[in-house]
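Please read the structure below before turning to the comments.
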2 protein chains.
Amino acid sequence: MPDSLPITPRSKDYAQWYQDVIREGQLAEAAEVVRGCMVVRPHGWAIWEKIQSDMDRRFKATGHKNAAFPLLIPLSFLQKEAQHAEGFAMECAVVTHAGLRKNPTSGEIELKNELEEPYVVRPTSETIIGHFFAKWIDSYRDLPMLLNQWCNVMRWELRTRLFLRTGEFWWQEGHTAHATHQEAKEEVARMLDIYRDVYHDVLAVPVIRGAKTENERFAGALETFCVEALMQDGKALQGATSHDLGQNFGKAFNVTFQNKVGEREFVWQTSWGASTRMIGALIMSHSDDDGLVLPPKLAPIHVAIVPIYKNEAEKTSVMEAAQRIAAELKDDGLNVELDDRDEVRPGAKYFEWERKGVPLRLEIGPRDVAEKSALV
Amino acid sequence: MPDSLPITPRSKDYAQWYQDVIREGQLAEAAEVVRGCMVVRPHGWAIWEKIQSDMDRRFKATGHKNAAFPLLIPLSFLQKEAQHAEGFAMECAVVTHAGLRKNPTSGEIELKNELEEPYVVRPTSETIIGHFFAKWIDSYRDLPMLLNQWCNVMRWELRTRLFLRTGEFWWQEGHTAHATHQEAKEEVARMLDIYRDVYHDVLAVPVIRGAKTENERFAGALETFCVEALMQDGKALQGATSHDLGQNFGKAFNVTFQNKVGEREFVWQTSWGASTRMIGALIMSHSDDDGLVLPPKLAPIHVAIVPIYKNEAEKTSVMEAAQRIAAELKDDGLNVELDDRDEVRPGAKYFEWERKGVPLRLEIGPRDVAEKSALV
């Protein structure tokens, strides 16, 4: 891997600083060969896993269950809800062919079977889930239906920024169906509160709740609520959204239920989502000109220990102490990295862990062993 | 939801029995509107989450880290490794367009921008990961690189069966790079052993390890090893695979490293994967003519309690006892479902939990409350 590059100070170029923190923290990088898409590197994905795990626990505690719906959506589905189609159709990746073949003359691989109806790669799943809700929901007894999906989605964005806006991103999308508008509205508020709590308690990022204007609403929703976080450049960043879909998708996909008096009604739906953009918010809230800063709850590594020695004799005693300390900290439930790489200088090691946002770095040298201390 | 349908006995029609168990267990269903693809319903996905969680812990304990790579792969990437292209190109979903537009005359949505180079939806990720390995690996210090990805993949299969073979499926794909062939071979064996252990310890399904013949090898691999499970119909089912890729992808994507004496060498790679097909193996190993049977470690619900009462007085005492028992079992760490649905008959409830593979069903009626017993 290439050596570290400097991090541009925020005061000089905020956008470049953001990119530099991500690069030096080894969180993600532009895929380049796949337009507008990104690769989330292990350190970045480990942070996402921690956010996921916390959110998933909260969703399940409020009665939601996870499921998995198809990646591809028939093009005609997008057209069933007029506003939804206008909001999303323009930015979809479209699958038109299945299979390839080798051209017998040129040896090149070429497209084989053109599909009768193209599919779009899901930009969001209201339509395909609406189709299955119609199959699964028959009576008021089947309501509320409270589902969530952790998945990848694609929106063919022109201007992309790592974590904040990329062609493909990872998220959860909750989809629920209710017997009354009142219940659906309560669900919308409940999930918005969960997003606020996750930002506060887990990301340590203050957010405010708000409603989107008509122009900014989710395509097909009656109302869209959001949490917005204030970034270091003074700008607000949309952190998560929760939508009151009314009966719009119910009507488009004919999702009805028999109520307690035997009449058929359309269901009231909600959807709500938060994505890997949360990592962008996290970076822009806490990090500084030295690189990534992570709240302990989200740090994949809590403590990095950098042993310092000049010769074999020092190495033996220093490593012994470092291993003992590492073991004790692990017993306390912390994730500890003892950086025993011989070929990397202690300064470079320290620098690397700092840039990866490890909350606590310990330097242990021969004097520390003698004095039973450590440089924090 | 529709009422239960009968489960065809295995002796009558094994393939139909398999479908019926999945339908009645509410595990998954064919997406139908998305050719060859499936929807994994909450009960099925909860089982997958349990398998995932166990496997992920084992992968991490052996030093692997998770990352996320793009869903789309440039078509040209598939062509870089000749055997790989022949093995996969024929069954890929191909994205040829980005964005759609409304035809101003007809109002229909139509394709907008044709891409200069098509992308395929990943059938597996050796090629795109090879591209990033080449960027990230520079020195022997960067090796071994041990990555894993949990994701969806697509293979445009003609004949599909739920969980066993579908257009889209969910899996993990491990990808590693090593300095020597010996190390890579050890990795291949290590991961095969992990798969065997997961089948034995978690799925309670006996498997045997084996090597694939040349014809059956992964496209582009030197050798493919597998675990095979024996199903109730006497057929073997491939349960997971672990591939020795040699230097084939290293050469195709120019993944080199500087060794300890300063020379550049191609890396030695492995890949290994297990998918939602594991749920298919689970079904065909343990289930019977009454429906799904789950080993306790994988059961999303361990105990279902069905209260039985004829009037309000009985209901009060029965529900009190049922709630007390549910609370005690939850304290013991079990996942308990107290089925308090008023509108469903006890027999139908019992039947439903049995078909969902809940290991323990408790019926509690007034006599049980008096005698401090329960029908198991």
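Hey, does region A:284-300 have a residue that's closer than 17 Å to residue A:81 by Cα and part of a strand (DSSP E or B)? The answer is no, given that none of the residues of region A:284-300 is closer than 17 Å to residue A:81 by Cα and part of a strand (DSSP E or B). Mind checking which residues of region B:278-309 are loosely packed, with under 15 Cβ neighbours inside 10 Å and touching a Lys or Arg at 6+ places or on another chain (Cβ under 8 Å)? Once the filter is applied, which keeps residues that are loosely packed, with under 15 Cβ neighbours inside 10 Å and touching a Lys or Arg at 6+ places or on another chain (Cβ under 8 Å), region B:278-309 yields B:288, B:289, B:290, B:297. For region B:213-230, the set of residues classified as over 20 Å from residue B:284 (Cβ atoms) and among the acidic types (Asp, Glu) consists of B:214, B:216, B:223, listed by residue number. All of A:271, A:275 fail the test of being surrounded by 14 or more Cβ atoms within 10 Å (Cβ to Cβ), of a type in the set (Ser, Thr, Tyr), under 30 Å from residue A:15 (Cα atoms) and modelled with pLDDT of 95 or more, apart from A:275. Checked against (1) touching a residue at least 12 places away in the same chain (Cβ under 8 Å); (2) closer than 23 Å to residue A:46 by Cα; (3) of a type in the set (A, V, I, L, M, F, W, C), residue A:369 passes all but a single condition, namely (2). Entry remark, region A:218-262: residues being of a type in the set (A, V, I, L, M) and part of a strand (DSSP E or B) number 7 in total.
Could you run through region A:146-174 and say how many residues are closer than 25 Å to residue B:70 by Cα and assigned to a strand (DSSP E or B)? Steps first, answer last, please.
Initially, region A:146-174 is screened for residues closer than 25 Å to residue B:70 by Cα, giving A:148-174.
Going one step further and asking which of them are assigned to a strand (DSSP E or B), we end up with A:148-154, A:161, A:165, A:168-174.
Selection size over region A:146-174: 16.
Grab the strands (runs of 3 or more DSSP E) fully contained in region A:27-145, keeping just those with 3 or more residues being within 9 Å of chain B (Cβ to nearest Cβ) and either at pLDDT 95 or above or buried (at least 21 other Cβ atoms within 10 Å of the Cβ) (or both). Talk me through it step by step, then tell me what you get.
Working: elements: A:28-30, A:38-40, A:72-74, A:93-102, A:109-121.
Those strands (runs of 3 or more DSSP E) span A:38-40, A:72-74, A:93-102, A:109-121.
Residue B:257: among the aromatic types (Phe, Trp, Tyr), free of Cβ contacts under 8 Å to residues at least 24 places away in the same chain and surrounded by fewer than 24 Cβ atoms within 10 Å (Cβ to Cβ), yes or no? Criteria not met by residue B:257.
Give the number of residues within region A:168-184 that are over 22 Å from residue A:49 (Cβ atoms) and in contact (Cβ under 8 Å) with a residue 60 or more places away in the chain. Qualifying residue count, region A:168-184: 9. Contact map, region A:105-118: first residue without any contact (Cβ under 8 Å) to a residue 12 or more places away in the chain, second residue of a type in the set (Gly, Ala, Ser), Cβ cut-off under 9 Å, separation 6 or more or different chains; pairs are A:109/B:76; A:109/B:85; A:109/B:89. Pairing residues of region B:29-41 that are closer than 19 Å to residue B:277 by Cβ and of a type in the set (Asp, Glu) with residues that are at pLDDT 95 or above and buried (at least 22 other Cβ atoms within 10 Å of the Cβ), at Cβ distances under 6 Å and at least 6 apart in sequence or on separate chains, gives B:29/B:39. From the list A:208, A:194, the lone residue that is in contact (Cβ under 8 Å) with a residue 12 or more places away in the chain and in a helix (DSSP H, G or I) is A:194.
Would you call residue A:221 surrounded by 21 or more Cβ atoms within 10 Å (Cβ to Cβ) and touching a His at 6+ places or on another chain (Cβ under 8 Å)? If you could, list the steps in order and put the result at the bottom.
On the way: surrounded by 21 or more Cβ atoms within 10 Å (Cβ to Cβ): yes; touching a His at 6+ places or on another chain (Cβ under 8 Å): yes.
Here the answer is yes, as residue A:221 does meet what is asked.
The number of residues in region B:175-205 being touching a Leu at 6+ places or on another chain (Cβ under 7 Å) and of a type outside the set (Ser, Thr, Tyr) comes to 7. Residue B:187 satisfies every condition listed in (1) acidic (Asp, Glu); (2) assigned to a helix (DSSP H, G or I); (3) within 14 Å of another protein chain (Cβ to nearest Cβ) except (3). If you take the residues of region A:299-309 that are of a type outside the set (Val, Ile, Thr) and more than 15 Å from residue A:358 (Cα to Cα), which of them is nearest to the other protein chains (Cβ to nearest Cβ)? My answer is A:307. The condition of being surrounded by fewer than 18 Cβ atoms within 10 Å (Cβ to Cβ) and assigned to a helix (DSSP H, G or I) does not hold for residue B:265.
Entry remark, region B:1-26: residues being aliphatic (A, V, I, L, M) and not in a loop (DSSP other than H, G, I, E, B) number 3 in total. For the structure I just gave you, tell me whether residue B:147 is out of contact with any helix residue (DSSP H, G or I) (no Cβ under 8 Å at 6 or more places or on another chain) and among the aliphatic types (A, V, I, L, M). Criteria not met by residue B:147.
The values are calculated or read from the model by the stated rules, or taken from the named source; none is laboratory data. Values in this document were obtained by computation on a predicted structure and should not be read as measured data. Counting neighbours? That spans all protein chains shown, and the Cβs are built from the backbone with ideal geometry, glycine included.
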